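Below: the structure, in structure tokens.
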Amino acid sequence: MSENLATVSYIGATILFILSLGGLSNQETALRGNLYGMVGMALAVLATVFGPSVTMAGVPWLVAAMLVGGSVGIYAARTVQMTQMPELVALMHSMVGLAAMLVGFSTYIDPTASSQLSSAAHAIHALEIYIGIFIGAVTFSGSIVAFGKLSGRIGGSPLLLPGRHFLNLAGLLVVAYFGYQFFLATSPAAGMTPLIVMTIVALLFGVHMVMAIGGADMPVVVSMLNSYSGWAAAATGFMLSNDLLIVTGALVGSSGAILSSIM
């Protein structure tokens, strides 16, 4: 597939995603909106797999991953009850966060990802990686805790630690400090330590944030995590220079934030 055809496919997928969000806003058009989303996602996946950035050697691996993921998705859709949908959505959000983390680390250690960048572009690329991994880690751990609370595996009572706001502030200061150390790193090996420490702090931050919220408020938390997963996807798009991921992630992130505010 040529680059121009892939770009046109991405534009078509973006339009379908926007139509999907519009359709899902009304009960009467929800089915049509869901169909728009399915077609848009299929178009986006095909344009990515057979696009100019993927070699033929990588196609079998991508197809195998699609078959495994599709099989798991079909099994979950057929076996999960409607009352279990919120916990399934929370679990899906955790996968988005995990994917953002893995893409961030793989992009950072890839020697070809930033070899041709200028110093300013390299700094922006490092910022994209750091923020993407941070959002992904918070989304991943927070969604896992939300899944546990919704499924009854974790108690629904809020865990309110003494001085929890100061703990959150301290965690953010640690993230900022190691972010500074990460930008000073002159090699991937030197930057890996602050990146790992930040990831651990972000994972703990996600757990602490959701554990402090009671089970009755979990629908709002799931909506908030939906927004986080969108921004994680957008950050992944910046790391991979994928316009569709950026636009789609921004759509999901903004719509999730609006829904959380309404709820």
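Rule-based calculations on the coordinates, nothing more; no lab input. Model, not experiment: these values are computed from the prediction. Note: ideal-geometry Cβ built from the backbone for every residue, glycine included; neighbour counts use all protein chains shown.
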(message) If each DSSP helix of 4+ residues adds -39,500 (n - 2.57) and the sum is divided by the residues in the chain, what number results at 222 nm, nearest 500 deg cm²/dmol?
(response) -28000 deg cm²/dmol
(message) Report the Cα centroid-to-centroid distance between segment 188-263 and segment 18-86 in angstrom, as an integer.
(response) 20 Å
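Hey, can you rank 214-224, 132-142, 97-107, 78-88 by average C-beta count inside 10 Å, highest first?
Ranking, from highest mean packing down: 132-142, 97-107, 214-224, 78-88.
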